[in-house]
Structure formats: C-alpha cells, structure tokens
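**Q** Structure provided below as structure tokens; questions to follow.
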Amino acid sequence: TSTQGRLDGFFTVL
Amino acid sequence: MFEARLTASATFKKILDAIKDLLNEASFDCSESGIQLQAMDNSHVSLVSLMLRSDGFDKYRCDRNLTMGMNLANMAKIFKCANNEDTVTIKAQDDADIVTFMFEAKKQEKISDYEMKLMNLDQEHLGIPETDFSCVIRMPSGEFARICKDLAQFGESIMISCTKEGVKFSTGGDIGTANVKIAQTNNFEKEEESVTIEMQEPVSLTFACQYLNSFTKATPLASQVQLSMSDNVPLVVEYQIPDLGHLRFYLAPKIEE
C-alpha cells in the first residue's frame, strides 16, 4: 500500500 | 498600465485547458520580465508553475508590477469566445479591479472585448529549490499522454522507473498488471520524436494516475515533455511553450508504507 505525499515542506514560503 | 498582446489566442486556450482542472483560481503576476503563475492545487499534491516571457509577446508593457487574481473557469469561458487565429490583448490599469481581454480577427473584421472582475487571492509565493535531478527524460508528449491514459485503466498509480537502459511505466490492479518500456532513441533527425535519458542514478518513484493524466492536458502546447526525477523530491513534468515560456507541473510522489 502507498499513501499520497504532499508538497508542503518541499518549497519555501517567500 | 499593463498590456500584453499575443497573435495566437490559441496558446492561451491551450494553457487554460491544461491548468483549469487543477486550479479553480490563480494569481497572474505581471512584471517587466513577463507573466508568471504559481499555485498548488487544493490538496497540496501538485503545483502549477507557468512562465510567459515578455519577449515572447508581440507587444508587452508593464509599468508597475501587478498581480491579477482570476477565476480560471470564467477566464476559459471568455477565451471560448475567441477564434484560435484571433489576436488577444490583455489590458489592465494599475491598481485596477478589472482586466480586459480584446480579441481581434486577422483582417480586423471583428473586434470583441470582455471585461472580467479580478479577485484578491492573497496567494503565497513559493521558492522552488534548484535540484540536480538523478534522471531527466525527454520524450514525445503524445506518447507520454498515451501511456498515462492506457495505464490508468489498470491502476490508480504509475511507477516510473528510470535506468540507463530506458524508462519503465508500470501499474497494477484488480485486472492484473501493465508495463510499458520506452528505450532511448538515436533519432537525431526528428527531434520531436526522440527519447533521451540523462541518468546520474537510477530512480523509481510512484505517482497518482489522476494527476499525471491532468498534466497531459498540456500536450497540445509542446511536441516534447521533460520528466525530471530524484528520490524524495517532487516529479517535474515540463512543457516548453515555443518562443514564449514554459508550463511546469510538480507532483509529490506516493509514499510506500
């Protein structure tokens, strides 16, 4: 089984 | 004053078609360098990043930086009113709360304009880190769309495995399994039909079919698509818009448990 990852944390808020 | 004129309104139609399933609304940031859009979908699984360079427009003027929040479904309604061959001009005053789209037929026999209310979206601007990807695959965009559509019949996820031998797209579900292998081509004459793989290290990652299929709505924009992958970072699916810019999609991988 696998769960969907999220993008939060990959990008920095400018 | 902001004014951007593009001979082919078809390009805008294609861009809207490619992003309106992922985003309901988005901010278009206009500056001297061009028009940029960057937004995550509601579930924060994918990010759309659009860049249209000012030098790609037939006329471009941006006196002050301007952020235009737009409802993309409404924008698509307006662009449906344009013929593909029409020239489009996008205009807004500084600090305006409306944007005007003007469509002109080639021989000026029909000119129409549509005003749309702007939205204050207050979107976050995100910094995307530079990544040295382990694998960069370039392949015909139509072939990538075909594979995503075919494999979506059999499973909810597609595993993309890249080695120096080639790229393998795999899925599985109740019916059984499906595998499509694509080898690097040596077809230097027809660049748009070629498959090239730049590999530092082999990578194998799993992604949701639903998102990959959404991204392939951008297929009419470019003959080639570029897939960039590294372990533990989002996949980048990039379509180069000829002479104008690019449309990139970022997708968080599925996490194996």
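Any read-out appearing in this document is the output of simple, stated calculations on the displayed coordinates, not a laboratory observation. Values in this document were obtained by computation on a predicted structure and should not be read as measured data. Note: ideal-geometry Cβ built from the backbone for every residue, glycine included; neighbour counts use all protein chains shown.
**Q** Which are the unpartnered cysteines of the protein assembly as shown, meaning those with no other cysteine Cβ under 4.7 Å from their Cβ?
**A** B:Cys30, B:Cys62, B:Cys81, B:Cys148, B:Cys209
**Q** Over all distinct Cα pairs, what is the inverse of the mean 1/r for chain B, reported as the Kirkwood hydrodynamic radius in Å?
**A** With all distinct Cα pairs of chain B included, I get 19.5 Å.
**Q** What is the calculated FRET efficiency for B:Ile175 to B:Ala73, with r their C-beta to C-beta distance and R₀ = 30 Å, to the nearest 0.05?
**A** Once rounded, the FRET efficiency stands at 0.30.
**Q** Another one. Would you list the P(r) distribution for the range B:128-208, with all Cα-Cα distances sorted into 10 Å bins from 0 and each bin expressed as a whole %?
**A** Reading upward from the zero bin: 17, 45, 31, 7, 0.
**Q** Suppose we flag trypsin sites (Lys or Arg not before Pro) only when DSSP calls them loop and at most 16 other Cβ atoms lie within 10 Å. Which is the longest uninterrupted stretch of chain B?
**A** In short, B:191-257.
**Q** Now, a different point. What per residue convex hull volume, in Å³, comes out for the range B:199-244 when only alpha-carbon positions are used?
**A** Residue-normalised Cα hull volume stands at 97 Å³.
**Q** Bins of 10 Å, beginning at zero and ending with the bin holding the largest distance: percent of Cα pairs per bin for the protein assembly as shown, please.
**A** Spelled out per bin, shortest first, that is 6, 28, 33, 21, 10, 2, 0.
**Q** Find the all-direction average of the projected area of the Cα convex hull for the range B:104-257, expressing the result in square nanometres with one decimal place.
**A** 14.0
**Q** Continuing with this model, one more query. If you wrap a convex hull around the alpha carbons of the range B:162-230, what volume per residue comes out, as a whole number of Å³?
**A** So the per-residue Cα hull volume is 116 Å³.
**Q** Rounded, prolate or oblate: which fits the range B:6-110 when a ≥ b ≥ c are the square roots of the eigenvalues of the alpha-carbon gyration tensor, with rounded for a/c under 1.5 and prolate only if a/b beats b/c?
**A** Oblate.
**Q** How big is the charge dipole of the range B:152-257 about its Cα centre, in debye rounded to the nearest 20, if each Lys and Arg gets +1 on its Cβ and each Asp and Glu gets -1 on its Cβ?
**A** 140
**Q** Pick out which of B:Asp122, B:Asp97, B:Asp29 has the largest mean-square fluctuation in a Gaussian network model of chain B, springs linking Cα atoms closer than 10 Å.
**A** B:Asp122
**Q** Please list, by residue number, every one of the GluC sites (Glu not before Pro) in the range B:1-87 that is coil in DSSP and has at most 14 other beta-carbon atoms within 10 Å.
**A** When the GluC sites (Glu not before Pro) of the range B:1-87 are filtered for loop state and at most 14 Cβ neighbours within 10 Å, B:Glu32, B:Glu85 remain.
**Q** Further, regarding this structure: Calculate how steeply helix B:141-151 sits against the longest principal axis of the alpha-carbon atoms of chain B, using the helix alpha-carbon long axis, and give the answer as 0 to 90 degrees to the nearest 10.
**A** 60
**Q** Excluding B:Lys14 itself, what net charge comes from residues whose Cβ is under 12 Å from its Cβ, given Lys and Arg +1 and Asp and Glu -1?
**A** Summing Lys/Arg as +1 and Asp/Glu as -1 gives +2.
**Q** Once Rh is set to the Kirkwood radius over Cα pairs, what Stokes-Einstein translational diffusion coefficient, in µm²/s, holds for the range B:64-145 at a temperature of 37 °C and a viscosity of 0.692 mPa s?
**A** 202
**Q** Select from the range B:176-208 those GluC sites (Glu not before Pro) which occupy a DSSP coil region and have at most 11 other Cβ atoms within 10 Å, ordered by residue number.
**A** B:Glu189
**Q** For a quick check, take a GNM of chain B with Cα springs below 10 Å and name the residue from B:Ala218, B:Ala96, B:Ala152 with the largest mean-square fluctuation.
**A** Per the Cα network of chain B with a 10 Å cutoff, B:Ala96 tops the list.
**Q** Compare B:Leu221, B:Leu50, B:Leu121 in a GNM of chain B, Cα atoms joined below 10 Å, and give the one with the largest fluctuation.
**A** Checking each option, the largest mean-square fluctuation is seen for B:Leu121.
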